[in-house]
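Student: I am attaching a structure below and will ask some questions about it afterwards.
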Amino acid sequence: MSSTTEHDTPTTLSGWLTYRRIDLPLAVALVCCGLLSLFVLYSASGRSQAIVIDQAIRLGIGLVGMITLAQVPPHWYRLGAPWAYGLSILLLVGVLVLGDAAMGAKRWLDLGVVRFQPSEITKLAVPLTVAAYFHHRTLPPRLHEVLVAGLIMGIPVALIVQQPDLGTALLIVAGGSFTLFFAGLRWRIILLLIAVGAAALPLIWFNLHDYQQQRVLTFLNPASDPLGAGYHITQSKIAIGSGGLFGKGWLNGTQAHLNFLPESDTDFIFAVYAEETGLFGVLGLVALYGFMVVRGLFIALASQDTFQRLAAASLSLTFFFYAFVNMGMVAGLLPVVGVPLPLISFGGTSMVMLLASFGVLMSIHTHRKMLVT
Amino acid sequence: MSGDDAIKNHGAERRLFLRRTIAAGVILLVLVGLLLARIYYLQVAKHGYYETRSQDNRMRVEVVPPVRGLIYSRHGQLLANNQPAYQLEIVPEQVAESVKSTLDRLDEIVTITEADRSRFQARLRQTPSFRGTPIKLSLTQREVARFEVNREQFPGVNIRAGLTRHYPMGRYAAHVVGYVGGITERDLSTIDRKRYRGASHIGKAGVELSYESALHGYPGSRVIETNASGRALRQLDESPAEAGQSLVLTLDARLQRAAYDALGDKDGAIVALDPEDGGVLALVSKPGYNSDLFVDGISHKNYARLLNNPHKPLYNRALQGQYPPGSTIKPVMAIGALEAGVIDPDKRVWCPGYITLPGSDHHYRDWKRSGHGWINLTQAIERSSDVYFYKLGMKLGIDNIHRYGTLFGLGHKTGIDLPRENAGIMPSREWKHGHRSQPWYPGETLITVIGQGYMTATPLQLAVVASQIAERGHAYEPHVLKARRDPQTGATTPVAPEALSPIQLTDERHWKTVINAMKGVINDPRGTAHHYVGMNLKYPIAGKSGSAQVAGLPQNEVAPDLSSIPYQLREHALFIAFAPIEDPKIAVAVVVEHGGGGSSVAGPIAREVIDSYLDSLQGEPRGPITAKTEGVPRRVAADS
C-alpha cells in the first residue's frame, strides 16, 4: 500500500501521481493501450494519418477527462449518479425524437460542437446509479431491491433498443447486472433470471429487426451466406487465422488493406490486429486488458465503502465484458453485435467514456483514507 | 426504503464481496480461456487453411498466353507470322452508363454488328468482374484511329493490342501451312487444357495442325494482387510464357509459287520432293484458299462459298486426292517384272492395238489403236504401250503387282508430317475379298498393271515413287519440316530426314534399264512426252506420263477431241519426273484434273517446275540453310 498521506508534498514520481490522483499501473496500461490503438489504426485505416491524428486527439481529451474525473471525490459520484442517470434518459429521449441517423440507426445527438451518442453516458450512469442505490442497503439485496435495480437498467435499455442499438443495450444490461452480482444477488435469483431470459428468447427474437435476426442466424451458420451476411465473420476469421503465431507484421495484413475485411478500423479492428501480430500479439493484448481488469478488481477490494466497491468492480467487469464480446464476435465465438474493441477501435465517445470510467476508478483508489498505524 | 436501513454488517458484506469477486475472477478466467482457445484454434490449428484462404482472397492468377511460333520457308520467307491486332474491349464495371447504350454509341464510330453483340453477350457471362470483354477482335487501322479520337466519350472501353495470325503466302501455300482457328468444344476434349489456358486459337490444318504442339509453346502466369472487388492493384509475380518453336519448312517459297502458277487455271496438284532427303519443295493443290479468312472465325457466307465451290478449294488434292495413276505406274511394274524375272527387257513383244484373254472376247485396248508393233521394254515404256504391259501383267500376276506396288509405297500412307493424308489403293486378292467380297478376275490384273481399275494413288505417293526411282530405291520419307528454331536463342536444330526402307533389287541394273526408258519418254523422238517436254533440255530428265480414266467413261474409249467430252468426264492428266538423272535434285508428280493427255498437259507443267527449281539452284547458289535463315525478318521483303 502507498504510504503517502494526503497532504504530504510529493517527492517521488509515484508520490506525485498519487497526489494528482493518478493510479500509476492503470495509467501506464491505458497509455500503452492508447499508443497501440494509434499503431493498429494507422494500419487498419490504410495508413490514414487523419484518422490517427483524430484518434490521438480523442485519446488526449479522454486522458484529460480521466484525470479530471480522478480529482472528484468518490462520494460526489454516488450523489451525482442519479442526476447523470436522469440526464442521460432525457438525452436518449432526445435522440429518438431528433437524433441523426447513421447507417439506418438513430444513435447520434448533434450538439452543434460535438456529435455524440448519449447511450455512452448511460453506460457509465447505470452501474453507478445501481451502486449508489445499494450503498446504504443491507446486502445481499432483497427481491424488491433487485426489481428497482432492474427498473434502473430497464428504462434506458428500452430506449436504446428503439434506436436500435443492441450492442449498447447489452452492455448496459451487463453493467447493471454486474453491480447486482457484486451486491450479492443470490445465486438462485441469478439462475432464475437466466431461466426467464432463456424462456424469453423467442419473444426477443420476434422483436428483433431483420438485420439483427440475420446476424444471429449468420453467427449460427456463417457458411450459409459467405458473400452476404456471413461475409464479415468469414473474412475476419480468415484475417485472424492467416495471422498465425507471429502475424504478418505491422502494415502487412492483407485482409484489411485490400478491403476484404469491412469495418476494419472500428468493430473489426481486432481482426486486423490479430492478422498483423499473430497469437503472441493477441496474448499481449489480452494480458494488457487482463491486467487492467485485475487492477480494477483490486481497487474494488481495497475500496472503503459499498458504493465504491460495487462501482469499481462493475466498471472493471464491464470493461472486461466489452473486450470479451468484441473479440469473441470477431473470432466468430459470439454473434455480431456492434461493440467496439475498448480503447483500440476508432471512435470518440467510446474512447472518452471508457477513460472516464477509469477516471472514476482512479478517484476511488486515490481518495482512500489512510489508516495510520 | 428507509425501513430497510438495518445496521449494515460491514464484515459480512466484505466477505460477501470477496466471494463474489473470486466468483467473477473464475468466470473471467473461464471466458478468457474460451477466447484464447478460439484464437489458438484459428491462428495455430487452422492457420494453414486460413493462410490459403487469405492468399486466394487477395491473389488472382492471370494466364499469359504464349506467342505462337512462326513458320518459314526453307530460305527464310515467312509463311505464317503474328501481326499486331487491335481488339476493342469493354470493362462493364467502368462504364458510366449502361453497356447497351455504350455499344449503341460505339456503333457510330466502329461498326458493331448483331453478331458482334451476341458474341459479346456470350463472352460477358464468362468474364470475371474488372476484366475486359472483347467486343470486336480485329479493328482496322482506320477504326483504331476513329476510336482514339473519341476515346474520352467511352470510359471503360479500351483498345488492347494483341497478335493475330497472318499467312503472307496466302492461297499459294494454304494446303501446306494450313491455318489456325478458334478452339472448339471438340478441340478441348483432345488437348491439354492447362497448356491452352488463355489461348484462343489452335492449329486446324496443315503444318499449323501437325506441329501444333511445337508451335503453341507454354503459357506463363502473372500473379495479380486484387482488392475485394477484383480490381488489379499490382503484379506480385510473373512467370513468363514460353513462346512456341518457330519452324523452318523444306518448302521453297519461290518454287511453290511457280508450281501454283504453272497449273494455270486448271485444278490439280503438284508435289515436288528433294529426292536426296525427302523434303517437300513444293506441294500445291489448286485452287487454294485464303487461309487468313479462318483466323478470326470465318463467316458463314465465306465458309459456305468455299464448301460449295465446285473446284473444292479446301480439299488438299496433293495428300487426299486419290487418282488412278494410269501409265505413270508402268516403271514400277517394269521393275517388278524384271525383279521377278518374268520378262527379258531386250526381248521384243508383239503389240497390236488390243489383246483378249482366253475364254473372253473382251478387247483390252491399247491407247494407240494401231498398236506399237514389235517393241522391247524400253520402247514399251517410252511409248507407253498398254498391250506390252497387259502381257507383262499376265506373267507377273496380281500378287507380284501388289508386292512391288507396295514396295514403292502404294496403298500406304507415306507418313508425311501433314494431316489427313490418304493411303490410296494398291489392290490385291485380299483387298478385293475384303472390300468387294469377290474373287480376283484375271482381267482386273490387266487394268491394274496400267494403273487403272481399283488402283488409286495420291500425287504425293506418285512423287515418292519418282523419288524412289531417282534414288534407285534409297529415298526418304517425305516431310515438310526442315528445322526447328528456338524462339529465345534463335538456335536452329535441323530435323534429320528418315530413310524409307530401301528397295533392294537383286540386280541393280534394273534401275538403269527403267530410268533409261523414262529418259527416253522425254528424249526419244518416239517418246510420248518428247514433243511436249523434251525440247531444249538443260538437264537430263526422266519422266513418265499417265492418263487416268474418270469413272463413267467406257474403258479405253478415248475420244479424239477432248473438248467434245463434258469436263467432269475428261481424264486426269498425270506426269512423274525427276532430274538431273545422274544426280537427282528434284522429283515431281503432277496431276491435272480432267486435263486430258498426261504428256501434253501434265508434262510441260512438270518441266516448268523442274526448270524453275534447277535454274534457281544454278542461278543463285544458296548456302546452307542455317546461314540463310539468320536475320530472317529482313529477308522477307527481298524474297517476295
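Student: For B:Gly156, state whether it is surrounded by 18 or more Cβ atoms within 10 Å (Cβ to Cβ), touching a residue at least 24 places away in the same chain (Cβ under 8 Å) and of a type in the set (Gly, Ala, Ser).
Tutor: Working: surrounded by 18 or more Cβ atoms within 10 Å (Cβ to Cβ): no; touching a residue at least 24 places away in the same chain (Cβ under 8 Å): yes; of a type in the set (Gly, Ala, Ser): yes.
No, not satisfied.
Student: Now for a separate question. Name every residue in region B:43-62 that is surrounded by fewer than 16 Cβ atoms within 10 Å (Cβ to Cβ) and either among the aromatic types (Phe, Trp, Tyr) or closer than 30 Å to B:Leu481 by Cα (or both), in order of residue number.
Tutor: The answer is B:Tyr49, and nothing else.
Student: Take B:Asp261 and decide whether it is more than 14 Å from chain A (Cβ to nearest Cβ), farther than 25 Å from B:Gly490 by Cβ, free of Cβ contacts under 8 Å to residues at least 12 places away in the same chain and surrounded by fewer than 24 Cβ atoms within 10 Å (Cβ to Cβ).
Tutor: Details: more than 14 Å from chain A (Cβ to nearest Cβ): yes; farther than 25 Å from B:Gly490 by Cβ: yes; free of Cβ contacts under 8 Å to residues at least 12 places away in the same chain: yes; surrounded by fewer than 24 Cβ atoms within 10 Å (Cβ to Cβ): yes.
When the stated conditions are applied, B:Asp261 passes them.
Student: May I ask you to list the residues in region B:296-326 that are crowded, with 22+ Cβ neighbours inside 10 Å and either among the small types (Gly, Ala, Ser) or within 21 Å of B:Pro419 (Cα to Cα) (or both)? Let's see the steps before the verdict.
Tutor: Initial filter on region B:296-326 (crowded, with 22+ Cβ neighbours inside 10 Å): B:316-319, B:321, B:323-326.
Matches in region B:296-326: B:Asn316, B:Arg317, B:Ala318, B:Leu319, B:Gly321, B:Tyr323, B:Gly326.
Student: For a quick check of your reading of the model, give me the residue pairs whose first member lies in region A:315-333 and is closer than 20 Å to A:Gly243 by Cα and touching a residue at least 12 places away in the same chain (Cβ under 8 Å), whose second is hydroxyl-bearing (Ser, Thr, Tyr) and assigned to a helix (DSSP H, G or I), with beta-carbon atoms closer than 7 Å and at least 6 apart or on different chains.
Tutor: Every condition considered, the pairs that remain are A:Ala323/A:Tyr289; A:Val330/A:Ser236.
Student: Scan region B:343-369 for residues that are without any contact (Cβ under 8 Å) to a residue 40 or more places away in the chain, more than 21 Å from B:Asn400 (Cβ to Cβ) and over 47 Å from the mean Cα position of the chain (by Cα) and jot them down.
Tutor: Once the filter is applied, which keeps residues that are without any contact (Cβ under 8 Å) to a residue 40 or more places away in the chain, more than 21 Å from B:Asn400 (Cβ to Cβ) and over 47 Å from the mean Cα position of the chain (by Cα), region B:343-369 yields B:Arg348, B:Trp350, B:Pro352, B:Gly359, B:Asp361.
Student: I'd like the residue in region A:232-282 that is of a type in the set (Phe, Trp, Tyr) and over 23 Å from A:Val337 (Cα atoms) and, out of all such residues, is farthest from the other protein chains (Cβ to nearest Cβ).
Tutor: Quick first cut of region A:232-282, residues of a type in the set (Phe, Trp, Tyr) only: A:246, A:250, A:260, A:268, A:270, A:273, A:280.
Then drop every residue that is not over 23 Å from A:Val337 (Cα atoms), which leaves A:246, A:250, A:280.
On the way: A:Phe246: 10, A:Trp250: 17, A:Phe280: 10 Å.
Top of the filtered list is A:Trp250.
Student: Give the residue that is surrounded by the most Cβ atoms within 10 Å (Cβ to Cβ), with candidates limited to residues of region B:66-109 that are in contact with a strand residue (DSSP E or B) (Cβ under 7 Å, 6 or more places away or on another chain) and of a type in the set (Lys, Arg).
Tutor: B:Arg68
Student: Determine whether A:Phe346 is within 18 Å of A:Val31 (Cα to Cα) and either among the charged types (D, E, K, R) or assigned to a loop (DSSP other than H, G, I, E, B) (or both).
Tutor: Values: within 18 Å of A:Val31 (Cα to Cα): yes; either among the charged types (D, E, K, R) or assigned to a loop (DSSP other than H, G, I, E, B) (or both): yes.
In short, yes.
Student: Of all residues in region A:142-184, count the ones that are of a type outside the set (A, V, I, L, M), within 14 Å of chain B (Cβ to nearest Cβ), surrounded by 22 or more Cβ atoms within 10 Å (Cβ to Cβ) and in contact with a helix residue (DSSP H, G or I) (Cβ under 6 Å, 6 or more places away or on another chain).
Tutor: Let us first name the residues in region A:142-184 that are of a type outside the set (A, V, I, L, M), namely A:142, A:144-145, A:150, A:154, A:156, A:162-165, A:167-168, A:175-179, A:181-182, A:184.
Next cut, within 14 Å of chain B (Cβ to nearest Cβ) only: A:142, A:144-145, A:175, A:177-179, A:181-182, A:184.
Imposing the further condition that a residue be surrounded by 22 or more Cβ atoms within 10 Å (Cβ to Cβ) reduces the set to A:175, A:177-179, A:182.
Those still in the list that are in contact with a helix residue (DSSP H, G or I) (Cβ under 6 Å, 6 or more places away or on another chain) too: A:175, A:178-179, A:182.
Summing the residues that are of a type outside the set (A, V, I, L, M), within 14 Å of chain B (Cβ to nearest Cβ), surrounded by 22 or more Cβ atoms within 10 Å (Cβ to Cβ) and in contact with a helix residue (DSSP H, G or I) (Cβ under 6 Å, 6 or more places away or on another chain) in region A:142-184 gives 4.
Student: Right, another one. Quick one: A:Ala287 ticks every box in (1) among the aliphatic types (A, V, I, L, M); (2) free of Cβ contacts under 8 Å to residues at least 24 places away in the same chain; (3) assigned to a helix (DSSP H, G or I); (4) at the interface with chain B (Cβ under 9 Å from one of its Cβ atoms) except a single one, so which number is it?
Tutor: A:Ala287 satisfies all of (1) among the aliphatic types (A, V, I, L, M); (2) free of Cβ contacts under 8 Å to residues at least 24 places away in the same chain; (3) assigned to a helix (DSSP H, G or I); (4) at the interface with chain B (Cβ under 9 Å from one of its Cβ atoms) except (4).
Student: Let me ask something additional. Does region B:510-522 contain at least one residue that is β-branched (Val, Ile, Thr) and either surrounded by fewer than 23 Cβ atoms within 10 Å (Cβ to Cβ) or under 13 Å from B:Asp277 (Cα atoms) (or both)? I'd like the intermediate steps shown before the answer.
Tutor: Step one: filter region B:510-522 for residues β-branched (Val, Ile, Thr), giving B:513-515, B:521-522.
Narrowing further to those that are either surrounded by fewer than 23 Cβ atoms within 10 Å (Cβ to Cβ) or under 13 Å from B:Asp277 (Cα atoms) (or both): B:513, B:515.
Looking for residues that are β-branched (Val, Ile, Thr) and either surrounded by fewer than 23 Cβ atoms within 10 Å (Cβ to Cβ) or under 13 Å from B:Asp277 (Cα atoms) (or both), one finds at least one in region B:510-522, hence yes.
To keep it simple, each residue is scored yes or no on (1) under 30 Å from B:Arg317 (Cβ atoms); (2) modelled with pLDDT of 95 or more; (3) crowded, with 19+ Cβ neighbours inside 10 Å.
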{"position": "B:Val332", "(1), (2), (3)": "yes, yes, yes"}
{"position": "B:Ile335", "(1), (2), (3)": "yes, yes, yes"}
{"position": "B:Pro352", "(1), (2), (3)": "no, no, no"}
{"position": "B:Ile355", "(1), (2), (3)": "no, no, yes"}
{"position": "B:Gly359", "(1), (2), (3)": "no, no, no"}
{"position": "B:His362", "(1), (2), (3)": "no, no, no"}
{"position": "B:Gly373", "(1), (2), (3)": "no, no, no"}
{"position": "B:His402", "(1), (2), (3)": "yes, yes, yes"}
{"position": "B:Ser437", "(1), (2), (3)": "no, no, no"}
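Student: Same structure, new question: Do you know which residues across region A:53-97 are without any contact (Cβ under 8 Å) to a residue 24 or more places away in the chain and farther than 18 Å from A:Ala131 by Cα?
Tutor: If the condition is that a residue be without any contact (Cβ under 8 Å) to a residue 24 or more places away in the chain and farther than 18 Å from A:Ala131 by Cα, then A:Ile53, A:Ala56, A:Ile57, A:Gly60, A:Val64, A:Leu90, A:Val97 are the ones that fit.
Student: One residue is enough: does region B:422-429 have a residue meeting the conditions more than 27 Å from the chain's Cα centre (by Cα) and either under 30 Å from B:Glu212 (Cβ atoms) or crowded, with 19+ Cβ neighbours inside 10 Å (or both)? Walk me through it before giving the result.
Tutor: Let us first name the residues in region B:422-429 that are more than 27 Å from the chain's Cα centre (by Cα), namely B:427-429.
Add one more test, that the residue is either under 30 Å from B:Glu212 (Cβ atoms) or crowded, with 19+ Cβ neighbours inside 10 Å (or both), and what stays is B:427-428.
For region B:422-429, residues more than 27 Å from the chain's Cα centre (by Cα) and either under 30 Å from B:Glu212 (Cβ atoms) or crowded, with 19+ Cβ neighbours inside 10 Å (or both): present.
Student: Additional query: Tell me whether region B:90-97 contains one or more residues that are more than 14 Å from chain A (Cβ to nearest Cβ), touching a residue at least 60 places away in the same chain (Cβ under 8 Å) and under 38 Å from the mean Cα position of the chain (by Cα). Reasoning before the result, please.
Tutor: So in region B:90-97, the residues more than 14 Å from chain A (Cβ to nearest Cβ) come out as B:90-97.
Subset that is touching a residue at least 60 places away in the same chain (Cβ under 8 Å): B:90-96.
After this cut, where a residue has to be under 38 Å from the mean Cα position of the chain (by Cα) as well, the list is B:90-91.
Yes: one or more hits.
Student: Continuing with the same structure: Scan region A:196-205 and give yes if some residue there is within 14 Å of another protein chain (Cβ to nearest Cβ), surrounded by fewer than 22 Cβ atoms within 10 Å (Cβ to Cβ) and farther than 24 Å from A:Leu90 by Cα, otherwise no.
Tutor: Quick first cut of region A:196-205, residues within 14 Å of another protein chain (Cβ to nearest Cβ) only: none.
No: region A:196-205 contains no residue that is within 14 Å of another protein chain (Cβ to nearest Cβ), surrounded by fewer than 22 Cβ atoms within 10 Å (Cβ to Cβ) and farther than 24 Å from A:Leu90 by Cα.
Student: So which residues in region B:239-253 are surrounded by fewer than 20 Cβ atoms within 10 Å (Cβ to Cβ) and polar (S, T, N, Q), if there are any at all?
Tutor: B:Ser239
Student: Sticking with this structure for a sec: Can you pull out every residue in region A:324-351 that is modelled with pLDDT of 85 or more and over 22 Å from A:His209 (Cβ atoms)?
Tutor: The answer is A:Phe324, A:Met327, A:Ala331, A:Leu333, A:Leu341, A:Pro342, A:Leu343, A:Ile344, A:Ser345, A:Phe346, A:Met351.
Student: Among (1) at pLDDT 90 or above; (2) under 15 Å from A:Ile240 (Cα atoms); (3) of a type in the set (Gly, Ala, Ser), which single condition is B:Ser54 missing?
Tutor: (1)
Student: Shifting gears a bit: From the list B:Arg58, B:Arg68, pick out the single residue that is among the basic types (Lys, Arg), under 30 Å from B:Glu242 (Cα atoms) and more than 10 Å from chain A (Cβ to nearest Cβ). Even if it seems obvious, please write down each step before you answer.
Tutor: Values: B:Arg58 fails: more than 10 Å from chain A (Cβ to nearest Cβ).
Result: B:Arg68 is the single residue among B:Arg58, B:Arg68 that is among the basic types (Lys, Arg), under 30 Å from B:Glu242 (Cα atoms) and more than 10 Å from chain A (Cβ to nearest Cβ).
Student: With respect to A:Arg137, determine if the residue is within 13 Å of chain B (Cβ to nearest Cβ) and surrounded by fewer than 15 Cβ atoms within 10 Å (Cβ to Cβ). Don't jump to the end; show me each part of the working.
Tutor: Details: within 13 Å of chain B (Cβ to nearest Cβ): yes; surrounded by fewer than 15 Cβ atoms within 10 Å (Cβ to Cβ): no.
Answer is no for this residue.
Student: Restricting to region A:324-360, name every residue that is closer than 14 Å to A:Val40 by Cβ, within 11 Å of chain B (Cβ to nearest Cβ) and within 11 Å of the chain's Cα centre (by Cα). Can you show your working first?
Tutor: Pass one, region A:324-360, residues closer than 14 Å to A:Val40 by Cβ: A:326-327, A:330, A:340-347, A:351.
Filter again for within 11 Å of chain B (Cβ to nearest Cβ), leaving A:326-327, A:330.
If the condition is that a residue be closer than 14 Å to A:Val40 by Cβ, within 11 Å of chain B (Cβ to nearest Cβ) and within 11 Å of the chain's Cα centre (by Cα), then A:Asn326 is the only one that fits.
Student: In addition: Give just the number: which of (1) within 14 Å of another protein chain (Cβ to nearest Cβ); (2) not in a helix (DSSP H, G or I) does B:Asn82 not satisfy?
Tutor: Looking at each condition in turn, B:Asn82 falls short on (1).
Student: Would you list the helices (runs of 4 or more DSSP H) that sit entirely within region B:283-349 and hold 3 or more residues that are closer than 22 Å to B:Phe578 by Cβ?
Tutor: Working: elements: B:292-295, B:300-308, B:317-320, B:330-340.
Result: B:317-320, B:330-340.
Student: Going by what's in this entry, would B:Val207 be described as under 20 Å from B:Ala174 (Cβ atoms), in contact (Cβ under 8 Å) with a residue 40 or more places away in the chain and touching a Lys or Arg at 6+ places or on another chain (Cβ under 6 Å)?
Tutor: Working: under 20 Å from B:Ala174 (Cβ atoms): yes; in contact (Cβ under 8 Å) with a residue 40 or more places away in the chain: yes; touching a Lys or Arg at 6+ places or on another chain (Cβ under 6 Å): no.
Answer is no for this residue.
The values are calculated or read from the model by the stated rules, or taken from the named source; none is laboratory data. These numbers were taken from a predicted model, which means no experiment stands behind them. Quick reminder, even Gly has a Cβ in these numbers, built from the backbone with ideal geometry, and neighbours come from all protein chains shown.
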